[in-house]
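First the structure, in the form of structure tokens, and then the observations on it.
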């Protein structure tokens, strides 16, 4: 019976991931053909758009340009829809794989538990007791041999279980990747649909202006230019550092992007979110280096826990010495209802994080300087972009929604990630999309005008 059990358990229940095919070859060929055709049309439209942009600022040129952009965006939506079909199929097959593997793992664990219980039962009788038994020696040796076989059986099942557990873990990771890809594709489609609608609205405005005679195309363009100038000069509020013009903040974020690959809209959204939430805006001074207590900048009222005395005050004094400011009168964030305050500047870095050698070297190298200042908007924006990159942020907010949202969650909640900071991450992504659509796009592409919903 024990030998038979070993035969059952060796090589148990393992199904390789490759056994599940995502799509048939005909389906794959059809999708690839459609995708290639869409890409070819997209290339033609890109050429057409370049030609139209090179023409003069005429009414017909603006209409033709908008039509071409609308068509291009619609083609990109079709491409993403094809991608979604493939991702959806992959999610289905990977879910099936995961279910199969989980079933195998559960069955192996049950078998292993039964074997271990049997081994415990046999282990209760020593070999001396067996030899002293009145039974024939042949039965005694058979019993001992069976125990040896049982141990081999347990080892075999354990090895097989480890292999299945590894495959299950890989299948879970693959499924999560596909689900993230699906989220990213859907976000891209939504963003492109908004662009289509925005361009249609602009086209309708141009047509209305031309037909009514009440407003010339030149006036439409002039109005757009005025709005763009207003956006550039708008004061961009930065925690604890007053305000700078949005155009300057954007330039800093774009310079940071060239070093980190992090979307400027995303970097600026993080800073905007910090301010909009009303968190630590730099209205405290730390005065007692032993306890970390301080005072409110405006009222002079006593504040406990302004800065962690063991973790942050020593690096804070180090920063003060290197930058030449009075640490007793330098604004830092006040504490919230729990935890410590002491965060510095627009990006709200605590001193112990700011002075980390690996982080400092990244900021200094990116800025080409040896002295970095957390209260300087340029330095703070670069540092924020680097930190977000270290957390996994990259690429445009539309094409890499999941990675950027996850980085925002960790920026807020640390190791807690999106299980703790999920709403924060979602809010940041919404702010980033609005900054991109209503503030950055009109600046980098003035001919596109200002969307009507901004």
Worksheet item: residue 278 versus (1) modelled with pLDDT of 65 or more; (2) under 25 Å from residue 426 (Cβ atoms): which is the lone unmet condition?
Response: (1)
Worksheet item: Does at least one position in the range 388-398 carry a residue that is closer than 23 Å to residue 245 by Cα, touching a strand residue (DSSP E or B) at 6+ places or on another chain (Cβ under 9 Å) and modelled with pLDDT under 90?
Response: no
Item to complete: Out of the residues in the range 76-117 that are surrounded by 18 or more Cβ atoms within 10 Å (Cβ to Cβ) and farther than 23 Å from residue 178 by Cα, state the one that is modelled with the highest pLDDT.
Response: 111
Worksheet item: For the range 328-339, what are the residues that are crowded, with 19+ Cβ neighbours inside 10 Å and not in a loop (DSSP other than H, G, I, E, B)?
Response: 332
Discussion item. On the basis of being within 24 Å of the chain's Cα centre (by Cα) and not in a helix (DSSP H, G or I), does residue 347 make the cut?
Written reply: yes
Item to complete: Taking residue 442 as the residue in question, decide whether it is modelled with pLDDT of 90 or more and buried (at least 22 other Cβ atoms within 10 Å of the Cβ).
Response: no
Worksheet, complete the sentence: The one condition residue 406 fails out of (1) touching a residue at least 60 places away in the same chain (Cβ under 8 Å); (2) farther than 19 Å from residue 254 by Cα; (3) surrounded by fewer than 21 Cβ atoms within 10 Å (Cβ to Cβ) is (1)
Worksheet item: For the range 373-386, what are the residues that are modelled with pLDDT of 90 or more and surrounded by fewer than 24 Cβ atoms within 10 Å (Cβ to Cβ)?
Response: 373, 378, 379, 386
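For (1) under 24 Å from residue 271 (Cβ atoms); (2) more than 28 Å from the chain's Cα centre (by Cα); (3) not in a strand (DSSP E or B), each residue gets a yes or a no:
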position	(1), (2), (3)
282	yes, no, yes
285	yes, yes, no
288	no, yes, yes
295	no, yes, no
309	no, yes, yes
319	yes, yes, yes
341	yes, no, yes
374	yes, no, yes
Worksheet, complete the sentence: Contact list, first residue from the range 384-395 and in the same structural domain as residue 345 (by TED's automatic domain parsing), second anywhere and surrounded by 19 or more Cβ atoms within 10 Å (Cβ to Cβ) and part of a strand (DSSP E or B), beta-carbon distance below 8 Å, six or more apart or interchain, is 385/262; 387/349; 388/262; 389/262; 393/262; 394/262
Fill in: Test for residue 454: is it in a loop (DSSP other than H, G, I, E, B) and at pLDDT below 90
yes
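The values are calculated or read from the model by the stated rules, or taken from the named source; none is laboratory data. Treat the numbers as computed from the prediction; the structure is a model and nothing was measured. Here Cβ is always computed from backbone atoms with ideal geometry, including for glycine, and neighbour counts include all displayed protein chains.
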